[in-house]
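Down below is the structure, laid out as structure tokens.
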Amino acid sequence: NIGSVFAIERWLTGSRFPDGAEGSSEKAAADAWVAREGVDATRDRFEKAWREYVSDQDLDWLRDVAKCTSVRLPIGYWDLGSEFCKGTAFDKLAGVYQNAWRYIQELVGRCSVRGIAVLIDVHGLPGGANPQEHSGTNSGKTEFWDSRSNRELATRCMCFIAEQARSMAGVLGI
């Protein structure tokens, strides 16, 4: 499990939250950083984490020592890019995530060259499939199941990932 890279939770990666951030979800961290530094600096901060959180040495260890052949990579719908954030809780944060999918593809590629397959887990669905923080917000609401627009967005997300994954070496499944 390579968790809390693209769908962060405070209990796993408290260091990705600024002091004084209210909440424990991805949105709470992004909102707090944007309020403190602005969208561009927050995007730079998040992109640095996406690039560096899992090092090549980590992946080599997984392959060579742990004999790992596959990993689960939790992501959120917001990580697919700005167009998938429109009209959602991440709408005002879209600029932070405009390049996130590229970093997901890069991590999948880095795993693949080591013979490690990746299961892309869409952990955060629009509106939240459950009330927990890994749904992306601290709203405490489950609005995915009863919202046609959230389900339609999720369908668009899954179709996008499936289309993209067709040409990505190393994707084990979605």
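The values are calculated or read from the model by the stated rules, or taken from the named source; none is laboratory data. Small disclaimer: the values here were computed from a predicted structure and weren't measured. Note that we place each Cβ from the backbone using ideal geometry, even for glycine, and neighbour counts take in every protein chain shown. For accessibility, only protein heavy atoms count, side chains too; no ligands or nucleic acids. Shrake-Rupley method; radii C 1.70, N 1.55, O 1.52, S 1.80 Å.
Remarks
- Within segment 30-44, the set of residues being buried (at least 18 other Cβ atoms within 10 Å of the Cβ) and not aromatic (Phe, Trp, Tyr) comprises 30, 31, 32, 34, 42, 43.
- Every test in (1) touching a strand residue (DSSP E or B) at 6+ places or on another chain (Cβ under 9 Å); (2) within 30 Å of residue 21 (Cα to Cα); (3) modelled with pLDDT of 95 or more; (4) in a helix (DSSP H, G or I) is passed by residue 134 save one, and that test is (3).
- When each of 67, 141 is tested for being at positive phi, over 18 Å from the mean Cα position of the chain (by Cα) and either charged (D, E, K, R) or modelled with pLDDT under 95 (or both), the lone residue that passes is 67.
- Residue 102 open to solvent by 60 Å² or more (accessible area, probe 1.4 Å), of a type in the set (Lys, Arg) and touching a residue at least 40 places away in the same chain (Cβ under 8 Å): no
- Looking only at residues of segment 64-89 that are in contact (Cβ under 8 Å) with a residue 24 or more places away in the chain and surrounded by fewer than 16 Cβ atoms within 10 Å (Cβ to Cβ), we find that the one that is farthest from residue 171 (Cα to Cα) is 87.
- Qualifying residue in segment 122-131 (condition: open to solvent by 40 Å² or more (accessible area, probe 1.4 Å), out of contact with any helix residue (DSSP H, G or I) (no Cβ under 9 Å at 6 or more places or on another chain) and either outside any strand (DSSP E or B) or in contact (Cβ under 8 Å) with a residue 60 or more places away in the chain (or both)): yes
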